[in-house]
Amino acid sequence: MSSPETKGLLHLWNELKRRRVIRVVVLYAIAGWIVIEVSSTILPNLNLPDWSVTLVTALVVLGFIPSVILAWAFDIGPGGVHKTPPQVPVEAAQDIGEKPAPVQKRDSDKRRSIAVLPFINMSGDEENEYFSDGVAEEILNLLTRLPQLRVSSRSSSFAYKGEHINVKKVAEDLGVSTLLEGSVRRAGDRVRITAQLIDTATDSHLWSETYDREMKDVFAIQDDISQSIVDALKVTLTPKDRRALQYVATSDAQAYDYYLRGRKFFYTMTKRAFHHAVKMYRQAIAEDPSYALAYAGIADAHSFLYMYGDSTPANVGRAQEASNRAVELDPDSAEAHASRGIALSISKRYDEAQSEFEHAIELNPKLFEAHYFYARDCYAQGKFEKAAELFAAASAVNPADYQSPTFQSMALMELGRAEEATAASFRSYLAAEKHLELHPDDARAMYLGASSLVAINEFEKARVWADRALDTDREEPAVLYNVACAYSMMNDKNKAFELLEEAIKNGFGYRAWLENDSSLENLREDPRYTALLKRLD
């Protein structure tokens with residue numbers, strides 16, 4: 001076992017290498033030797049005093065210490081000279097590209113733990129992927145309502161979509177004792193769903209079942225699977241828990257199908273996809289006019305359209321109207337209150353928005369959107385301390401998400417907490433890289449990952465990711481804006497302003513965010529930045 005002195009020396013050596021001090025020392029020694037050799041040859045021939053060679057030698061020696069200090073404090077990247085960020089804390093200090101450490105089981109948490117893996121689409125049609133994902137996610141949402149269970153987040157478990165599953169490895173990564181996996185085959189009005197619950201310690205089945213029924217029975221199947229899991233895990237339910245487990249947002253199978261399609265579009269996070277999502281949600285409402293989640297979906301789509309691509313009063317009004325209706329139809333829906341909160345936020349009705357977000361979190365502390373939307377609301381107001389706390393809470397709910405740690409890092413930088421910000425950026429990069437392994441064309445993961453790479457001093461890779469995002473969709477306002485942020489962080493002001501101009505031309509107009517975005521700190525003293533803000537008044 002290494003002694004503390006040995007560990008300290010090893011840490012110092014690694015830090016000297018990270019800050020490129022070793023390279024500077026070697027180059028300085030070579031350059032100094034050359035200067036001394038040349039001066040000792042040339043200066044006497046110029047009839048200069050003998051002490052001139054001694055002076056040059058002394059100056060070379062004296063310059064050594066300042067060069068080491070400057071090498072420690074600063075680095076040179078594509079955008080010029082940058083202050084070297086502090087070392088990432090131990091828990092995040094892994095080599096670039098290394099996967100996050102497995103989630104450790106919490107000894108203090110005695111609840112049964114489970115991860116619901118994405119169900120395999122057996123329909124032979126990739127278009128039905130949204131449906132198999134939706135079935136698994138609905139079961140996950142039902143189980144999340146039970147306080148007796150610790151359920152791995154959707155993004156954490158869905159990160160294994162498309163991969164060959166090693167039960168023990170997945171269980172170790174997610175820190176769970178049971179896994180639910182299954183498959184869905186859909187043909188016309190018939191659906192065949194197979195599910196099996198696996199004890200990860202023994203790799204044995206605790207329960208399995210196959211359902212071959214009409215599409216209209218999909219809700220009964222999901223309910224039966226959830227109840228069977230509860231029975232297999234020997235969980236005792238209160239009457240309130242039983243009601244929560246039997247919760248059905250709609251009893252109309254066609255409305256549910258449209259809702260799943262809309263949600264798939266929404267999470268693509270592009271201007272075009274938001275419009276498609278609204279169409280799907282409206283078709284869901286046409287089938288079931290009392291479908292609160294579909295109204296909440298419409299509200300979210302219009303809110304994000306306002307933020308990312310079409311900043312018009314019309315989108316604010318539609319978000320307000322739809323979120324109001326969602327809350328009216330289902331006052332106990334955390335999703336509805338979170339949607340209401342973000343709709344109020346873009347209207348700058350911040351006090352009312354805060355009330356809605358806090359009520360959503362009270363109703364469902366495990367709802368990622370409640371924490372994430374609330375954090376964005378605080379960031380847009382410049383409430384960085386609260387924003388950092390909420391982005392951390394969102395990350396705790398969904399550890400596989402790359403967005404929350406990105407924005408958490410920005411808030412922490414505004415607070416002057418550079419070391420914590422660097423650690424958050426590192427986590428964001430790792431999560432984005434993992435996401436891109438499964439979704440290689442996701443521009444959002446690319447451009448947010450690029451900003452995180454800049455924050456951890458990986459400029460060359462950041463530029464590659466940023467340019468990849470632009471190549472994916474050059475017309476998308478969100479892509480243009482966020483790539484501009486990455487270039488601003490690299491101090492390439494002309495490129496950043498060029499992209500911001502394009503973003504605004506294509507519909508970006510979320511002034512509150514632009515005004516408080518720490519990624520644009522390098523641009524704020526430039527008259528072009530003031531001109532951009534005036535255009536958004």
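The values are calculated or read from the model by the stated rules, or taken from the named source; none is laboratory data. Being a predicted model, the structure only gives us computed values, none of them experimental. Glycine gets a Cβ as well: all are built from the backbone with ideal geometry, and neighbour counts include every protein chain shown.
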Take the residues in the range 301-322 that are in contact (Cβ under 8 Å) with a residue 60 or more places away in the chain and assigned to a helix (DSSP H, G or I), then tell me which one is farthest from Leu480 (Cα to Cα).
-> Tyr306
From (1) modelled with pLDDT under 95; (2) in contact with a helix residue (DSSP H, G or I) (Cβ under 7 Å, 6 or more places away or on another chain), pick out the condition that doesn't hold for Glu356.
-> (1)
If you take the residues of the range 464-492 that are of a type in the set (D, E, K, R) and outside any helix (DSSP H, G or I), which of them is farthest from the chain's Cα centre (by Cα)?
-> Asp492
Does Ala443 satisfy the criteria of being over 16 Å from Ser395 (Cβ atoms), without any contact (Cβ under 8 Å) to a residue 60 or more places away in the chain and touching a helix residue (DSSP H, G or I) at 6+ places or on another chain (Cβ under 7 Å)?
-> no
Hits in the range 120-173 (condition: within 17 Å of Asn398 (Cα to Cα), small (Gly, Ala, Ser) and under 21 Å from the mean Cα position of the chain (by Cα)) = Ser152, Ser153, Ser155, Ser156, Ser157, Ala159
Checklist (1) surrounded by fewer than 24 Cβ atoms within 10 Å (Cβ to Cβ); (2) free of Cβ contacts under 8 Å to residues at least 60 places away in the same chain applied to Lys271, failing item = (2)
Could you list, in sequence order, the residues of the range 159-181 that are buried (at least 20 other Cβ atoms within 10 Å of the Cβ) and free of Cβ contacts under 8 Å to residues at least 60 places away in the same chain?
-> Tyr160, Val170, Ala171
With the first residue restricted to the range 192-206 and required to be outside the structural domain of Asp133 (by TED's automatic domain parsing), and the second required to be surrounded by fewer than 18 Cβ atoms within 10 Å (Cβ to Cβ), Cβ contacts under 7 Å at 6 or more apart or on different chains are none
Taking the range 234-256 as the region of interest, how many residues are more than 15 Å from Arg145 (Cβ to Cβ) and touching a Ser or Thr at 6+ places or on another chain (Cβ under 9 Å)?
-> 2
When the range 502-537 is checked residue by residue, the ones that are in a loop (DSSP other than H, G, I, E, B) and out of contact with any Pro (no Cβ under 7 Å at 6 or more places or on another chain) are Gly509, Tyr510, Asp517, Arg524, Glu525, Asp526, Leu536, Asp537
Single residue of the range 323-382 satisfying the filter (of a type outside the set (Lys, Arg), over 21 Å from the mean Cα position of the chain (by Cα) and not in a helix (DSSP H, G or I)) that is farthest from Tyr259 (Cα to Cα) = Ser347
Determine, yes or no, whether His302 is crowded, with 22+ Cβ neighbours inside 10 Å and touching a Lys or Arg at 6+ places or on another chain (Cβ under 8 Å).
-> yes
List the number of the failed condition for Ala232; all other conditions in (1) touching a residue at least 60 places away in the same chain (Cβ under 8 Å); (2) more than 24 Å from Ala370 (Cα to Cα) hold.
-> (1)
Where a residue in the range 459-472 is among the polar types (S, T, N, Q) and its partner, wherever it lies, is surrounded by 17 or more Cβ atoms within 10 Å (Cβ to Cβ), with Cβ under 6 Å and at least six apart | Thr472/Ala443
Only listed residue being part of a helix (DSSP H, G or I), under 18 Å from Phe426 (Cβ atoms) and in the same structural domain as Leu415 (by TED's automatic domain parsing), chosen from Lys461, Lys495 = Lys461
Tell me, yes or no, whether the range 458-466 has at least one residue that is modelled with pLDDT of 95 or more, under 27 Å from Arg154 (Cβ atoms), surrounded by 20 or more Cβ atoms within 10 Å (Cβ to Cβ) and not polar (S, T, N, Q).
-> yes
Breaking point among (1) farther than 30 Å from Ile285 by Cα; (2) not in a strand (DSSP E or B), for Lys216 = (1)
Going through the range 129-161 one residue at a time, which ones are at pLDDT 85 or above and among the small types (Gly, Ala, Ser)?
-> Ser132, Gly134, Ala136
Candidates Ile342, Ile285 - the one that is surrounded by 17 or more Cβ atoms within 10 Å (Cβ to Cβ) and free of Cβ contacts under 8 Å to residues at least 40 places away in the same chain | Ile285
Taking Lys234, is it part of a loop (DSSP other than H, G, I, E, B) and either basic (Lys, Arg) or in the same structural domain as Asp442 (by TED's automatic domain parsing) (or both)?
-> yes
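List the helices (runs of 4 or more DSSP H) inside the range 129-202, counting only whole elements, that have at least 3 residues being over 21 Å from His439 (Cβ atoms). Steps first, answer last, please.
Numbers: elements: 129-144, 154-158, 167-174.
Of the helices (runs of 4 or more DSSP H) lying wholly inside the range 129-202, those with at least 3 residues that are over 21 Å from His439 (Cβ atoms) span 129-144, 167-174.
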Residue count for the range 500-537, restricted to those that are farther than 14 Å from Met307 by Cβ and over 23 Å from the mean Cα position of the chain (by Cα) | 18
When the range 242-262 is examined, which residues are found to be in a helix (DSSP H, G or I) and either of a type in the set (A, V, I, L, M) or surrounded by fewer than 17 Cβ atoms within 10 Å (Cβ to Cβ) (or both)?
-> Arg242, Arg243, Ala244, Leu245, Ala253, Gln254, Ala255, Leu260
Yes/no for Glu437 being in the same structural domain as Glu521 (by TED's automatic domain parsing) and part of a helix (DSSP H, G or I) = yes
